[in-house]
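The values are calculated or read from the model by the stated rules, or taken from the named source; none is laboratory data. Predicted, not measured: the structure shown is a model, and the values here were computed from it. With ideal geometry, Cβ positions are generated from the backbone for all residues, glycine too; neighbour counts draw on all protein chains shown.
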Amino acid sequence: MKKLLTILLVGLIGAHSAHAANASGTIKRLYPKANGSIAFTLSSTCLSGDYFVIASTDVMLTKWYALLLAAAEAGASITVNFGGTCSAGDKTVDYMYRNYP
C-alpha cells in the first residue's frame, strides 16, 4: 500500500509540473483593464507579445498588483508561473514572486 501511494504521489507531482511553465523578466507593460483584470508583459520571456493575465475574480489580484507595481518602479525582475507552455495566447498566472539579487 505504501508503494502504491508513493507511485501515485510521484505521478501526480510529475503531471502537475508537466503542465506549468515559468517566465522571468522585468515588467515591460502593465494594463489594468476595464473588466477589472490586470494584464502585463515581461521584458525577456518565451512569449512574444502575449500577456500574462490576472483575473478580476482572483483572490490574489490586489496583492499581485502591488507586487507588480513595486517591481516595475524598482526595475526588479519577477518570475511568473503559468499553466501550459510557451505557446501563443494569453497566460493565466498561477503564482509569481519578485527576484532579489
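The set of residues in region 44-101 that are charged (D, E, K, R) and closer than 16 Å to residue 20 by Cα comprises 90, 91, 94. Of all residue pairs spaced 6 or more apart or on separate chains, those with beta-carbon atoms under 6 Å, a first member in region 75-99 that is closer than 15 Å to residue 29 by Cα and acidic (Asp, Glu) and a second member that is modelled with pLDDT of 90 or more and surrounded by 14 or more Cβ atoms within 10 Å (Cβ to Cβ) are 90/53. Please indicate, with yes or no, whether at least one residue in region 34-54 is loosely packed, with under 10 Cβ neighbours inside 10 Å and at pLDDT 95 or above. Yes, region 34-54 has at least one match. Within region 71-98, the set of residues being part of a strand (DSSP E or B) and among the charged types (D, E, K, R) comprises 91, 94, 98.
When restricted to residues that are of a type in the set (Val, Ile, Thr) and touching a Gly at 6+ places or on another chain (Cβ under 8 Å), region 73-101 contains 2.
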